[in-house]
Amino acid sequence: MVGALVGGAWVVHKRRSGPAVTVILRIAVTPGERVEFVTGQANSARFKYLVGKQSGVKPGLAQRLSVKPVPNSSLVEARVGVLTKEEGRRYAGVFVETLQALCGKQAQLILAEQSIR
């Protein structure tokens, strides 16, 4: 009985401590043929670590970043959950600059759209 109560409390606590804010970024890639390269760089553990560290987002949340190419375009879409809107703003603020540094001269990146909700 006590184990069931403790287990139930733990599950409720875990649900509340998850990401409350979703950051969605759309990044334009030039040249368009480099979308897959940029997607690979953004999904790398190295990039996730760097952007998480620079923005102050917890490593566990930063590692949940998902980056996918937008079909029939030269855009990539990044989604990550964070705890607060302030964390979301910090994360979005360093994302493109950090990814551009990782991609070097192989691709040029421009933030096309940003949503923090």
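The values are calculated or read from the model by the stated rules, or taken from the named source; none is laboratory data. Keep in mind that what you see is a predicted model, and the values were worked out from it rather than measured. Cβ atoms come from the backbone with ideal geometry, glycine included; neighbour counts cover every protein chain shown. We work out accessible area using only protein heavy atoms, side chains counted, and drop any ligands, DNA or RNA first. Shrake-Rupley method; radii C 1.70, N 1.55, O 1.52, S 1.80 Å.
What the table shows:
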read-out: Matching residues, the stretch 79-107, being in contact (Cβ under 8 Å) with a residue 60 or more places away in the chain, surrounded by 13 or more Cβ atoms within 10 Å (Cβ to Cβ) and not aliphatic (A, V, I, L, M); value: 81, 84, 85, 87, 88, 91, 95, 103
read-out: Entirely in the stretch 30-78, the helices (runs of 4 or more DSSP H) that have 1 or more residues that are modelled with pLDDT of 95 or more and open to solvent by less than 20 Å² (accessible area, probe 1.4 Å); value: 35-42, 45-55
